[in-house]
Structures are given as structure tokens and as C-alpha cells.
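Below is one structure, written out as C-alpha cells; comments come after it.
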Amino acid sequence: MLQIKFSRLRTDPEEVSGDELSSVVGQASNVFADLEIRGENSILYEDDAFPIVELAHHLHEWLHGAMCAGRDFVFDSIFFEEPGEMAIRSSNERWTVTVAGGRVRAGDYTDAEMARAICDLMEALTERFVSRFHTDLAVTCRTGSCARWRA
């Protein structure tokens, strides 16, 4: 079972409030968290300052578009020198996750397993985001769109 988990949701810079906070959290690349990706009872990847909202946004777009067409996902962020710090690649109608620039792999996930991991991330992130920043994340990640994968 694939799990994409996070903790310590925060902004960069961390000490912002009021109107400034709205501006900072309005930019997906300014919100970070400790990220942990687990596959089959082992930790595949850990990062203590990962652009979690940016990742969630790109995963959401992929889940509802390219994944359905069988196309790969490659995370491209200004925070990493090369694209592919996290990638999800199609292999015989299943999915393989690669992290750390392709150095670590876990695989053989079905569409439903992959979608469940992404939707779980989206739902947890939306809940924590609203609680932490008192503003909605719906513009970036519409979790209601995960309903079709919850069958």
C-alpha cells in the first residue's frame, strides 16, 4: 500500500500573519511540510522541507488527466535542480513510484491504489491547511473530485 504523508505544515517565511499570510499561502510554492512516502511497510523517501501544496496540486492535475491516459508523472519544482525528485511511471498497466531522482523505486500499484494514496494526501492536506491557515485550499486542490476513486 502506497502512502504519501506529511507533518509540520508551514510557510516560508514561517513568521507571517494577516494580509501577508494570505499572500504567502496563495502561492503553492511557499507552503512546506515534512514529507514521507511509504511503500509496503518501508520508508521510500523523507524530506523535511518539501513543497507539499505544489506537489499536491500537480498530483491532482495528473490524477484527473494524464493518469487516466496512462501518461507518467514527473514532479518539476524550482526547489530541485532536476525534474523527477518524485515520479510515477507506467509499467504494464500498473504504476511505479520513483523518488530521490530515481534512486529509490517501489511499484506495481493499480490505478485505484495510486488514486487512493493521492486522494488521502489531498484530503489530509486540505483539512490541515484550513485548520492551520484559516483559508481554503479548494482553489489549488478540489478534494471533492476524488469521489470517483472512492468506490
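Quick note: the coordinates plus some simple rules give every number you see, no bench work behind them. This one's a predicted model, so the numbers in the text were calculated from it and none came from an experiment. Cβ placement follows ideal geometry from the backbone for every residue including glycine, while neighbour counts extend to all protein chains displayed.
Within 12 Å, Cβ to Cβ, of Y109, how many net charges do the neighbouring residues add up to if Lys/Arg are +1 and Asp/Glu are -1? Every neighbour counted, the sum reads -1. Within the shell defined by Cβ-Cβ distances under 12 Å, the residues around H58 carry a net charge of -4, with Lys and Arg each +1 and Asp and Glu each -1.
Hey, what did segment 2-135 get for relative contact order, percent, Cα under 8 Å, at least 6 apart?
It comes to 20 percent, rounded to a whole number.
Computed extension gain for A124 through E46, at 0.36 nm per residue and net of the alpha carbon distance, reaches 26.3 nm.
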